[in-house]
Each structure stands twice: as structure tokens, then as C-alpha cells.
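Visitor: Here it is: the structure, laid out below.
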Amino acid sequence: MSTTNGHANTTFIGPGFGTVQTPTPAGSRCSPAVVSQRATLRNGLPGVYLENDLSMRFVGALETVLDPIAAVLDALPAHFSPDYAPRPILDLMAAWLGVELDEEQEIDARRESVRLAAQAARARGTVNGMKLALRLAFPGIPMRVEDEGGVRWSRDGKPAPAAPARFVVYVDTPVTEERASAIARCIEREKPIETTYRLRVRAQRAE
């Protein structure tokens, strides 16, 4: 008696001979394990191929390569979600949306900047837009933005020239000179054209 390809071969020798093949029980066959819960290829095969050991081994080898790729494609929406995107994808999304990320920011602050990029773009050039930009760029630093407004009038009925619009940014906690410079750069980047501003930082208390 000999065993070949998972089958028991019984050979009879005599005046006439024949070979009888008796398949071994299914539980003892060495089918390759499914690479992942997806079973990308084998679930779509006809039943006749699922019972063949050679075809299952061939499919198992292909699944080793294809299942991880299919898993990435299944999770593609999460890869481009600000809440779950890996850091390289998050930086790529920020570049697409025109969001400037600070390398010193924590990953949660970066995610928030990308998540609110559309809202910040719609509000840009307004007081609320400046508040949002400062909050996203410097989380944890309390700041206020106040528009100084203005009034113009003319005694002769002719249009009076308008002074440039002005606003004030108050930093309600002491910060370092480097941080104050970074806040000023953010304001310059986000403020409307031809507007002026003042940056007022709370002074450190003398001990």
C-alpha cells in the first residue's frame, strides 16, 4: 500500500491487477489555512475546485499576496479619514487642502486642523476665521480677536477715504518670544489683505 497526493493507493498483483484509490478523510488533509478572514479568492470558486487539494494550495499562495492588498482597499475610506489616517496620509491630505501643519504639534491637533480645513477656508478673512485659525494652530493658548471697527463721515457730501481695517489679537497668557513670533506669522498669513493688527501678549508676572 502506498500513499500519493493525499490518497491511499491499493495495488493488487495476480493474473489480473487493478488499482483502487480510496480518498482519506477530509479532516486529515493538509489544505492550506486561509490567509485572512477575507478568503479573497476561494470563496468565489466553484465547489469542484474547493475539493481539490492542488487548486486550494494554488489559491492559497495567491491569497497570501492579494489578501493584504484587498484589506487595504477595504479600509481605504479610513485611510483618508482625519480621525484614523496614518501620519503620512494626514500630511498628504493637509497639503491637498492647503493646511500648513506645525511639526511640533501633536497628532491630535494635526487631525483637528485637517478635519476643520473646509470650515476654516469658508470663514477666512473674518473675525471668526481668525479665531479658528489661531485655535487650530495654537491649541491650549487662550486668545481673543477684537475688530476695532471704525466710522467715516464727510462734511461736503463727498465720499470720505476709509482708513485700513484694524483688529487686535489678545494672548491672555504669557508666552515665549518664539511663540509670540509664531503667532504673529500665523496672523500675517490668515489676515485679510490691507488690514493692520496689533498683537498684545499678557506680560509675565514679576516675582
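Visitor: Classify region 72-207: rounded, prolate or oblate, from the alpha-carbon gyration tensor (a ≥ b ≥ c, eigenvalue square roots; a/c under 1.5 rounded; otherwise prolate if a/b is larger than b/c)?
Guide: oblate
Visitor: Output the antiparallel fraction of DSSP beta bridges having both residues in region 127-207, as a percent to the nearest 5.
Guide: 45 percent
Visitor: Considering the dipole of region 127-207 built from charges on the beta carbon (Lys and Arg +1, Asp and Glu -1) around the Cα centre, which of ILE193, GLY140, ALA162 is farthest to its positive end?
Guide: Positive-end residue among those listed: ALA162.
Visitor: Please say if region 127-207 is rounded, prolate or oblate, where rounded means a/c under 1.5 for a ≥ b ≥ c the square roots of the C-alpha gyration tensor eigenvalues, and otherwise the choice is prolate for a/b larger than b/c and oblate otherwise?
Guide: prolate
Visitor: Let's see if you can work this out: charge +1 on each Lys and Arg Cβ, -1 on each Asp and Glu Cβ, no other charges. What is the dipole magnitude of region 161-207 about its Cα centre, in debye to the nearest 20?
Guide: In total the dipole reaches around 100 debye.
Visitor: Which log10 I(q)/I(0) values, to two decimals, does region 152-199 give at q = 0.16 Å⁻¹ under the Debye formula with one point per Cα?
Guide: With one equal scatterer per Cα and no solvent, log10 I(q)/I(0) is -0.58.
None of the figures in this text is laboratory data; all of them are computed from the coordinates on show. A quick note: this is a predicted structure, and the numbers were derived from the prediction, not measured. Neighbour counts run over all protein chains shown; Cβ positions are idealised from the backbone, glycine included.
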